[in-house]
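Since the structure comes first, as structure tokens, the remarks are kept for the end.
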Amino acid sequence: MKLLIINGPNLNLLGERETSIYGSRSFEAYFEELQAQFPILELTYFQSNLEGEIIDRLHEARKIVDAIIINPAGYTHTSVAIADAIAAISMPVAEVHLSNIYAREEFRHVSLTARHCIGVISGFGLLGYRLAIEAFIERFASAD
Ligand code: DQA
């Protein structure tokens, strides 16, 4: 199974950014751990602070990967264009948030992207990415 993880704006600063909310580990270090935990998977990782680049990556991935895990970060709450890109591609997309967006400011309670995703995991920190991978493994296994 080929799985792409996309992280949106400011998540390149994980580990140093608002550590009381987002934790003190970099995503790169966690990604290496994920690769070691799931050697049977072809995992790739992409991060961008730019809306258009995230949309391009979603388009590119549509013929290449089996599933996508996306944390659109701030764009979750604002980007009709990223929501449209997720709607436009046919492979399953899971949305992950490190923090519990429903326990934070009201503007974070709305996700424009979530309705086009098969599910959302929010509030479990980096563990959320692993939970999303496990959900996809289960989903693809039961589709066989
Ligand atoms: C986030 C939550 C968003 O509201 C915020 O803008 C982020 C990170 C999360 O992972 O908890 O940048 O997506």
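Every number here is computed from the coordinates shown, using simple stated rules; none is lab data. None of the values given here were measured: they were computed from a predicted structure. A quick note on method: Cβ atoms are made from the backbone with ideal geometry, for glycine too, and the neighbour counts reach across all protein chains shown.
Observations on the structure shown:
- Using the Cβ-Cβ distance between Ala29 and Asp66 with R0 set to 25 Å, the FRET efficiency works out to roughly 0.50.
- Candidates per trypsin sites (Lys or Arg not before Pro) in region 27-102, loop by DSSP, up to 12 other Cβ within 10 Å: Lys63
- Tensor-based shape of region 82-144 (alpha-carbon gyration tensor, a/c under 1.5 rounded, otherwise prolate or oblate): oblate
- Contact order, relative form, for region 26-144: 23 percent (alpha carbon pairs under 8 Å, 6 or more residues apart, mean separation divided by residue count).
- Each Lys and Arg contributes +1 and each Asp and Glu -1, all at the Cβ; summed about the Cα centre of the chain, the dipole is approximately 180 debye.
- Region 71-116, relative contact order [Cα under 8 Å, separation at least 6], %: 57 percent
- Estimated FRET transfer efficiency (Ser90, Thr19; beta-carbon r; R0 25 Å; 0.05): 0.10
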